[in-house]
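Take a look at the structure below.
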Amino acid sequence: MRKVLDCGVLLAPGHEDDMREWVALHRGGLPRIRLHLVPLAPLAAAAQDAPAPAPPDPLRATPDTSQDVQALARLAVSLRRYDSCILPVAPSSVAWARMALSQAGALLTTPILLLMNGMKAPAIEDLLGLGAADFMAQPACLESMRVRLGRLGRPLLWRQALQAGVQEPPADYHAAGNGSAALRDAARPRVSADVLEDALAGVLEWDGYSRRSPRQDIRHDLRQDIRHDDRRNLRLNPQPDPQPDPQPDPRRDPRHPSAQESFRLAKARVVDGFERDYICRALSRHGGNVAQAARACAKHRRAFWALMQKHGIEAAPYRHAAHVRRLLG
């Protein structure tokens, strides 16, 4: 069952008759919101539950309650029975509203919705800074008022609903020390160390990828898997190597960039080769399944697909190779 909100309509000095007419006119247009007239004058508040008084004597002077700036502070406790309150403000009463909100201060815990009429932006900002929660201009839209009063009456609910989003948080690789980033990283799958090692080991072979076909890529990946198993066996059973291989001459090795090539171009070529090698190995390990490969690389599926399109990599040859491996046992 949905909750019915109780809203107090404050009869500010100079707005008593207008707000009574406003409540009588719009009471039926705000479903599930009960409007209650709240007099602010001390005499009117004391006589709210008393019998109707006799008509006032026109010859007798009535007391001026327009300067009762302690009204909100005095009624702060009794206003807690309402989920929210509406306070009318006009240029003629903005001074009283400013002083009343200032005097109430922290005592006033009930959210206040300002119902403005002919107010300027500086005055509205001043009243919001003194403790008002929200404002609306007249003539007020009843549907907008329903939403605003509902948000003021249930602040914790709509704030929690605002935080519970369904959008995937963006990747933040440079804020590993941050608390929120650490939580996001903990929720994302970790990249396998073997995949990362193989990708880094294949960076030096980036120059040959541009001249290989997808079928050659698959044969190359199979050879790399065999080499990876050999390296793992060497780590488990190390053997002495009396004669290390001689270091290749950088001037004759096509895998090393020329000294005349700019650092930016060389870096771009190495990064492209790393990306291509990394994606090819991920697809090979997961049998051409793009979704599984992207999940293993901790990347979004669309971002992984964009990298495949960038390097001209197709998933079909890897699916075919995985099928062949399954048939061969």
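Bear in mind these aren't lab numbers, they're just calculated from the coordinates by the rules spelled out. Values in this document were obtained by computation on a predicted structure and should not be read as measured data. Backbone-built Cβ (ideal geometry, glycine too); neighbour counts: all protein chains shown.
Per-structure values
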{"read-out": "Ranked packing of 125-138, 284-297, most packed first, by mean Cβ within 10 Å", "value": "284-297, 125-138"}
{"read-out": "Cα pair distances in region 257-329, grouped into 10 Å bins until the bin that holds the longest one, percent each", "value": "20, 42, 23, 13, 3"}
{"read-out": "Full-extension gain in nm, ALA24 to ARG80, via 0.36 nm per residue minus C-alpha separation", "value": "17.8 nm"}
